[in-house]
1. Would the stretch B:280-290 turn up any residue that is within 17 Å of the chain's Cα centre (by Cα) and crowded, with 23+ Cβ neighbours inside 10 Å?
2. Being farther than 19 Å from B:A159 by Cα and either at pLDDT 95 or above or basic (K, R) (or both) narrows it down to one of B:R76, B:R58, so name that one.
3. Which members of the stretch B:32-73 meet the condition of being of a type in the set (A, V, I, L, M) and in a loop (DSSP other than H, G, I, E, B)?
4. Between residues in the stretch B:33-47 that are more than 13 Å from A:I8 (Cα to Cα) and more than 7 Å from every other protein chain (Cβ to nearest Cβ) and residues that are assigned to a helix (DSSP H, G or I) and of a type in the set (S, T, N, Q), which pairs lie under 7 Å by C-beta distance while being six or more apart or on different chains?
5. Checking B:I60 against (1) touching a residue at least 40 places away in the same chain (Cβ under 8 Å); (2) more than 20 Å from the chain's Cα centre (by Cα); (3) in the same structural domain as B:A162 (by TED's automatic domain parsing), which single condition isn't satisfied?
6. Check the stretch A:59-69 and report whether any residue there is touching a Leu at 6+ places or on another chain (Cβ under 9 Å) and not acidic (D, E).
7. Could you list, in sequence order, the residues of the stretch B:230-288 that are touching a residue at least 12 places away in the same chain (Cβ under 8 Å), closer than 25 Å to A:L16 by Cβ and in a loop (DSSP other than H, G, I, E, B)?
8. For a quick check of your reading of the model, give me the residue pairs whose first member lies in the stretch A:125-137 and is assigned to a helix (DSSP H, G or I), whose second is hydroxyl-bearing (S, T, Y), with beta-carbon atoms closer than 8 Å and at least 6 apart or on different chains.
Number of protein chains: 2
Amino acid sequence: MRIYLDCIGCFVRQALDAARHATDDEQIHKEVLRRVLRMAGELDLSLSPPAIGQQIHRLIRELTGNDDPYRQAKCRFNNLALRLYPDLRKRIISSSSPLETAIRLAIAGNIIDLGVKTSILENEIEGVIRDCLTADFDSLAVKAFGDAVSKAERVLYLADNAGEIVLDRLLIEQLPVEKVTVAVKGSPVINDATMEDALLAGLPRIVEVIDNGSDAPGTILETCSETFRGRFEDADLIVAKGQGNYETLSDVDKKIFFILKVKCPVIARELGCEIGRMILQKSRAFSDIGELVKEAE
Amino acid sequence: MRIYLDCIGCFVRQALDAARHATDDEQIHKEVLRRVLRMAGELDLSLSPPAIGQQIHRLIRELTGNDDPYRQAKCRFNNLALRLYPDLRKRIISSSSPLETAIRLAIAGNIIDLGVKTSILENEIEGVIRDCLTADFDSLAVKAFGDAVSKAERVLYLADNAGEIVLDRLLIEQLPVEKVTVAVKGSPVINDATMEDALLAGLPRIVEVIDNGSDAPGTILETCSETFRGRFEDADLIVAKGQGNYETLSDVDKKIFFILKVKCPVIARELGCEIGRMILQKSRAFSDIGELVKEAE
């Protein structure tokens, strides 16, 4: 998905947020803004939003000398999610459809996205969890997801943010873990989950965890490591979590389930829905295969 | 009040909004954004937000060749407010404190601000009116406002936006109209009210209406006409409506009542309150005079 002009104002806000996370020095905040504005004025508008985000956050890390501006925020959200985890797990186990409940909670976790919002309050997260457990949801999509996972031999689960990754664990526990690999980012960008967060979430104890070798807030295959690209190629099902992965993979010809909460007007427009909606959506590659099978019959 | 770094991302969004109001040509939208980003990268950060807004919207009018991008939107909001006017007027007359009810409604009207928000739905405005009629409000400030108006000989009421100006009329009708002059903008900027909107609101039938000779989305005295500056100087009470007037006049040494609804985090921080709050607040000149009197006693 290409950047919309609407994304640019949002990037400017995001750059200031990141600069403030990195340092209290207002001179540096100003310098970051000036440089990001200049960069934004010369943007290649054929890129995806995370490709631009990658450039901007590299610049911010360079200008602030802070290689992980969101470290504290990530830690805070991991701890919050770990506090919520035991109760949420019980709720899944005792629910009439554990898979659906786990998907709902993984989507709720996607609210922990500091790319879209400047700050998120803890009680806001708990409110979103409550809402996601009861909001309208496509049960046919849940069934299709369950079927796709059953059929697949190698599932690659692309994690999104720190904190959120603890709620992803709830969903991963409902999958056949022996065939699931979780991928995190290769190095810090915004509050995206890295190996450190996967470790805190306890994921390596239940599934294989790899990193994608990239610092893009999404999955830009060309900037990922060769190892990761091989694993992506080999997987017969991708589970892509969050807006950044949707933005970078929506045009990729691969069987992908996108799982996210719609948090900005641009994604709402792309998906033809309202902000706030819970999304569990197959990529086009599924229907193409369906059509081919139909044609062959 | 000086610009905050937070304002810059908001200006970028506002520029795109204005470009879209002005033309459907996406090439022009892109060009507007590029030019505004370049301008924003070289900003004088000692200016007030409306001073920057003035420069940006001049550039947009020049690039799009549209001298009033918000013409249709202004017309729509005037018509909506005129439809609501008769019922709201009855409500004021039958209320236990007509002045307070009228102030509440004038504040509610301040939601019609397309500088802060990309779009406003009609039912949103009706919701804000309902909320403003019942929300907590400082009745001491209402009394102080009433007293200040009674004591003043020449009241200058600085209108803010189209549509809103119809709700301002409800408040102006509760004032001693013979000593009130209403000022609108000299020429179009965002959805700020000009003489055309004052006429549609029927204001010249009840008070004197002048324009300030300026195209700033606030009151930057240096860019106003000499006539207006004279009237500002002569007035012994200014009623300043909306965020733009607060941003440009909060440091001016003059007896001013600011009337507005807080709609953005920067103004909320300046005023030390939450977004959504209704504000009826005296300028510092009032308390300075109070202190001088006290010292003299």
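The values are calculated or read from the model by the stated rules, or taken from the named source; none is laboratory data. What you see is a predicted model; the values in this text were computed from it and never measured. We place every Cβ from the backbone using ideal geometry, glycine too, and count neighbours over all the protein chains shown.
1. There is no residue in the stretch B:280-290 that is within 17 Å of the chain's Cα centre (by Cα) and crowded, with 23+ Cβ neighbours inside 10 Å.
2. Working: B:R76 fails: farther than 19 Å from B:A159 by Cα.
Result: B:R58 is the single residue among B:R76, B:R58 that is farther than 19 Å from B:A159 by Cα and either at pLDDT 95 or above or basic (K, R) (or both).
3. If the condition is that a residue be of a type in the set (A, V, I, L, M) and in a loop (DSSP other than H, G, I, E, B), then B:L43, B:L45, B:L47 are the ones that fit.
4. From the stretch B:33-47, the pairs are B:M39/B:Q55.
5. (3) is the only condition that B:I60 fails.
6. Looking for residues that are touching a Leu at 6+ places or on another chain (Cβ under 9 Å) and not acidic (D, E), one finds none in the stretch A:59-69, hence no.
7. B:S250, B:D251, B:V262, B:K263, B:C264, B:E274, B:I275, B:G276, B:R277
8. As it stands, the answer is A:L133/A:T101, since those pairs meet every condition given.
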